Amino acid sequence: MTSKLFCFVLALAIFSLISSQSEANIDATRTFQTIRGFGGINLPDWIGDLTQDQTRKAFNNGAGDLGFSILRIFVSDDSNSWSKSVATAKLAQSLGAIVFASPWNPPAAMTEQFNEGDRHGKRLRHDKYADYAQHLNNFVNFMKQNGVELYGISIQNEPDYAHEWTWWSSSECVEFLAKYAGQINCRIISPETFQYNKQYYNDILSNGQANANVDIFATHFYGTPRSWMDFPALENDPREIWMTEVYVPNSNSDADTWPEAVEVAVNIHNGLVVGNLNAYVWWYIRRSYGPMKENGNISKRGYMMAQYSKYVRPGAVRIDATESPTDGVYISAYKNTDGTIVIVTVNNGNNSYAQKYNINGKTIKSVKRFMTTAGENLAVTENMPLTGNGFYAQTNSKTVSTFVIS
């Protein structure tokens, strides 16, 4: 018996054991959000700059690269520091990434100390809102003059969790957005709340002018459970929702710890499927607990991101898929602009089993799998056995598989 025939017979034997309950049905005619991309922040002011090689590894999409397409940068309150972000931003942009910016603090002369209830510390003076808008606009112009066209700029990083930076109440955010954000010559990104704080977004939506001045809604996902990620008020809005900062599950351990790293893939899945996110952006690109370790090597957490970022490309549309055919298994599907369909299967359960995939209305020509396990990173399986509009694959415990389908 030839090896190809043996594999096919084995696959049929596996298929015969699959119950109808374990089937995952993919419907490319039912579409959801467009994927803008995946990425992380470069913050040379705090931890040093990415090297050129590290930047290429992050934003190229060849073998050994992360395939990121979004770079977040820091708006320093000190304009003399703005040049620190330019070189890496220019290089990332030349590699096809979009660049957006986030501020932590206004210049010190624009702030004051306050004490209101359980909030105390620093805030933007109410008579300095126009000056702050000019400060942000100056950053946009500086980056443009230095070759970086910002895709967007947010008005504040974590206004609701500002123990070490600037607090903003939701009403203060609304006032600034309504009266001053229109003076900034860039797409405006909403305040990026710490934990998807719905009050901020609901207050923006309920104010006509503030709402009109927001181009992208953004949040962070720290400690955000799956149930909090569903927010119909924004999901039913035509504007995009970006998750612009998180690390999962912690910042204390080595990013190669396994199977802990699988939690990254679960978090991405929940954000894309439950929260209908258009973008998923990690905290530091290079950090001991990040997608790239301090030595420049991609970590296991990084490979969890790469299972999405390398194959679900900018402009892809999420399509309907049976989300959880069995306990601990999470499936999502996407259609790229080149017509390929991508399925990502996260098995965070304790059992391995055979999974049948059906793609409604499509005849499959080929399927290639990329799988990360405890001992493998994006390991490739070519020419998987097909059954007309379907295929099947062994789904091992604590693994993530990405199927690229023509």
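Miscellaneous remarks
- Residue that is farthest from ALA333 (Cα to Cα) [pool: residues in segment 375-406 that are of a type in the set (Gly, Ala, Ser) and open to solvent by 50 Å² or more (accessible area, probe 1.4 Å)]: GLY375
- On inspection, ASN295 fails the criterion of being in a helix (DSSP H, G or I) and open to solvent by 10 Å² or more (accessible area, probe 1.4 Å).
- Residues of segment 365-374 satisfying the condition of being farther than 22 Å from MET304 by Cα and either of a type in the set (Val, Ile, Thr) or open to solvent by 70 Å² or more (accessible area, probe 1.4 Å) (or both): LYS365
- Just one of the listed residues (LYS310, LYS398, LYS365) is in contact with a Pro (Cβ under 6 Å, 6 or more places away or on another chain), in contact (Cβ under 8 Å) with a residue 40 or more places away in the chain, of a type outside the set (S, T, N, Q) and closer than 30 Å to ASN60 by Cβ, namely LYS398.
- Number of the exception - SER102 against (1) of a type in the set (S, T, N, Q); (2) touching a Ser or Thr at 6+ places or on another chain (Cβ under 9 Å); (3) open to solvent by 10 Å² or more (accessible area, probe 1.4 Å); (4) within 22 Å of ASN213 (Cα to Cα): (3)
- The residue that is modelled with the lowest pLDDT, among those in segment 308-348 that are touching a Gly at 6+ places or on another chain (Cβ under 6 Å) and open to solvent by 10 Å² or more (accessible area, probe 1.4 Å), is ASP327.
- The C-beta contact set for segment 153-171 (first residue touching a residue at least 12 places away in the same chain (Cβ under 8 Å), second residue acidic (Asp, Glu) and open to solvent by 10 Å² or more (accessible area, probe 1.4 Å), distance under 7 angstrom, 6+ apart or interchain) comprises SER170/ASP203; SER171/ASP203.
- Which numbered condition GLU245 fails, given (1) open to solvent by less than 40 Å² (accessible area, probe 1.4 Å); (2) more than 23 Å from LEU43 (Cα to Cα); (3) among the charged types (D, E, K, R): (2)
- Filter result (assigned to a helix (DSSP H, G or I), out of contact with any helix residue (DSSP H, G or I) (no Cβ under 7 Å at 6 or more places or on another chain) and β-branched (Val, Ile, Thr)) within segment 139-181: VAL140
- Test: residue in segment 192-202 that is under 20 Å from SER85 (Cβ atoms) and buried (at least 17 other Cβ atoms within 10 Å of the Cβ): yes
- Remark: pairs (first residue in segment 233-252, more than 21 Å from LEU71 (Cα to Cα); second residue aromatic (Phe, Trp, Tyr) and crowded, with 16+ Cβ neighbours inside 10 Å; Cβ separation under 8 Å; 6+ apart in sequence or on different chains) = ALA233/TYR201; LEU234/TYR201; LEU234/PHE217; ASP237/PHE217; ASN250/TYR289; ASN252/TYR289.
- Of all residue pairs spaced 6 or more apart or on separate chains, those with beta-carbon atoms under 6 Å, a first member in segment 111-139 that is free of Cβ contacts under 8 Å to residues at least 40 places away in the same chain and open to solvent by 40 Å² or more (accessible area, probe 1.4 Å) and a second member that is charged (D, E, K, R) and assigned to a strand (DSSP E or B) are ARG125/GLU112.
- Test for ASN358: is it within 22 Å of VAL264 (Cβ to Cβ) and either crowded, with 18+ Cβ neighbours inside 10 Å or within 26 Å of the chain's Cα centre (by Cα) (or both): no
The values are calculated or read from the model by the stated rules, or taken from the named source; none is laboratory data. Here the structure is a predicted model, which is why all the values come from computation and not from measurement. Reconstructed Cβ throughout: ideal geometry from the backbone, glycine too, with neighbour counts over all protein chains shown. All accessible areas refer to the heavy atoms of the entire protein, side chains included, with ligands and DNA or RNA removed. Shrake-Rupley method; radii C 1.70, N 1.55, O 1.52, S 1.80 Å.
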